[in-house]
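The values are calculated or read from the model by the stated rules, or taken from the named source; none is laboratory data. Keep in mind that what you see is a predicted model, and the values were worked out from it rather than measured. Neighbour counts run over all protein chains shown; Cβ positions are idealised from the backbone, glycine included.
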Amino acid sequence: MKDWIYGFFMAWGMFLTIPCPFRRWRESARGKMLVCLPLVGLIVGAVWGGLALLLGRAPAPVRALVLTAAPWLCTGFMHLDGFMDVCDAVLSRRDLAARQSILKDSHCGAFAVIAMTLLALGQWSFFLAAGPLRFLPLLLIPVATRACTATAVLCLPAMSTSQYAAMEKRKSGYAAFTVLAGLAAAAVPLALCGSFAPLAAAAVCIGGIWYGTRQLGGMSGDISGFALTLGELAGAAMLALAG
């Protein structure tokens, strides 16, 4: 049980910029960090939903700006970095080796800038168009996307150049936990308030994982960020379209 507690706080410290109340490292808990990602998403979602409630009467453009930036700020733009890297690599339309090389290049290319601009404008527009936002869907969108990406990292073959390729053991047996977390995050808002937003986020995230792994020859942290970011955009779109 202690390893699970350590794994959660280790994931918090690694994937969030929100100050972690228990910054400790335990090597035996390393394999449980990915399984705790949906719980990390719960923290992001709590911030997201809380801001939506606090800004309910704020000017619509201001509310849209804050809600667009909130999940990115919570993670220190980590997932946006992966999104931009994947866009640079895939949109180059080069051969696989060249795409993998571009993925690891620290420079920011034109495709990344264009994609990031469209992403920010799109997410801002969806929140601007949305009516009153409910707490539960925003709480669970980040849970659904992180459950999908954690499952993919645990189960799919890693890209040869990814840090995941060096993992001694792929803890695919833990994937049952992340799958259940994703199903719950998608089903609960649908049952309780009729919101499809977390379900849409999960579906688009899975599509992003499928596309990224096909284009880049395996799973990686950058693909996780790419898919997760697109999933959150889809969740915002569903909030604007259907609540």
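Pairs needed: first member in the range 211-232, farther than 18 Å from Leu80 by Cβ; second member anywhere, basic (Lys, Arg) and in a helix (DSSP H, G or I); C-beta distance under 9 Å; at least 6 residues apart or different chains.
Listed pairs, sorted by first residue: Gln215/Arg99; Gly217/Arg99.
Would you pick out the residues in the range 70-106 that are more than 12 Å from the chain's Cα centre (by Cα), polar (S, T, N, Q) and surrounded by 18 or more Cβ atoms within 10 Å (Cβ to Cβ)?
Gln100
I need a count of the residues in the range 13-69 that are aromatic (Phe, Trp, Tyr) and crowded, with 20+ Cβ neighbours inside 10 Å.
Within the range 13-69, residues that are aromatic (Phe, Trp, Tyr) and crowded, with 20+ Cβ neighbours inside 10 Å number 2.
In the range 79-100, is there at least one residue being within 23 Å of Pro19 (Cα to Cα) and in contact with a Cys (Cβ under 7 Å, 6 or more places away or on another chain)?
No: zero hits.
Can you list the helices (runs of 4 or more DSSP H) found entirely within the range 21-135 that contain at least 1 residues being among the polar types (S, T, N, Q)?
Result: 60-74, 96-104, 110-129.
Being at pLDDT below 80 and either out of contact with any helix residue (DSSP H, G or I) (no Cβ under 8 Å at 6 or more places or on another chain) or small (Gly, Ala, Ser) (or both) is true for just one of Ala176, Ala165, Ala152. Which residue is that?
On inspection, the qualifying residue turns out to be Ala165.
Can you find, within the range 4-39, the residue that is farthest from the chain's Cα centre (by Cα) among those that are of a type in the set (D, E, K, R) and under 18 Å from Ala176 (Cα atoms)?
Filtering the range 4-39 for residues that are of a type in the set (D, E, K, R) and under 18 Å from Ala176 (Cα atoms), the one farthest from the chain's Cα centre (by Cα) comes out as Arg30.
Can you name the residue in the range 185-199 that is surrounded by 19 or more Cβ atoms within 10 Å (Cβ to Cβ) and part of a helix (DSSP H, G or I) and is also farthest from the chain's Cα centre (by Cα) among such residues?
Filtering first and then ranking leaves Pro189.
Go through the range 11-59 and count every residue that is more than 24 Å from Phe127 (Cα to Cα) and without any contact (Cβ under 8 Å) to a residue 24 or more places away in the chain.
11
May I ask you to verify whether Ala202 is among the hydrophobic types (A, V, I, L, M, F, W, C), surrounded by 24 or more Cβ atoms within 10 Å (Cβ to Cβ), in contact with a Phe, Trp or Tyr (Cβ under 7 Å, 6 or more places away or on another chain) and at pLDDT 95 or above?
Numbers: among the hydrophobic types (A, V, I, L, M, F, W, C): yes; surrounded by 24 or more Cβ atoms within 10 Å (Cβ to Cβ): yes; in contact with a Phe, Trp or Tyr (Cβ under 7 Å, 6 or more places away or on another chain): no; at pLDDT 95 or above: yes.
The answer is no for Ala202.
Quick test for you: out of Gly212, Gly208, Gly225, Gly182, pick the one residue that is in contact with a Cys (Cβ under 6 Å, 6 or more places away or on another chain), crowded, with 23+ Cβ neighbours inside 10 Å and among the small types (Gly, Ala, Ser).
Working: Gly212 fails: in contact with a Cys (Cβ under 6 Å, 6 or more places away or on another chain); Gly208 fails: in contact with a Cys (Cβ under 6 Å, 6 or more places away or on another chain); Gly225 fails: in contact with a Cys (Cβ under 6 Å, 6 or more places away or on another chain).
Of Gly212, Gly208, Gly225, Gly182, the one residue that is in contact with a Cys (Cβ under 6 Å, 6 or more places away or on another chain), crowded, with 23+ Cβ neighbours inside 10 Å and among the small types (Gly, Ala, Ser) is Gly182.
Just need a number here: residues in the range 221-243 that are farther than 17 Å from Ala115 by Cβ and under 13 Å from the mean Cα position of the chain (by Cα).
Going through the range 221-243, the residues farther than 17 Å from Ala115 by Cβ turn out to be 221, 235, 238-243.
Now drop any that are not under 13 Å from the mean Cα position of the chain (by Cα), which leaves 221, 235.
So the answer is 2.
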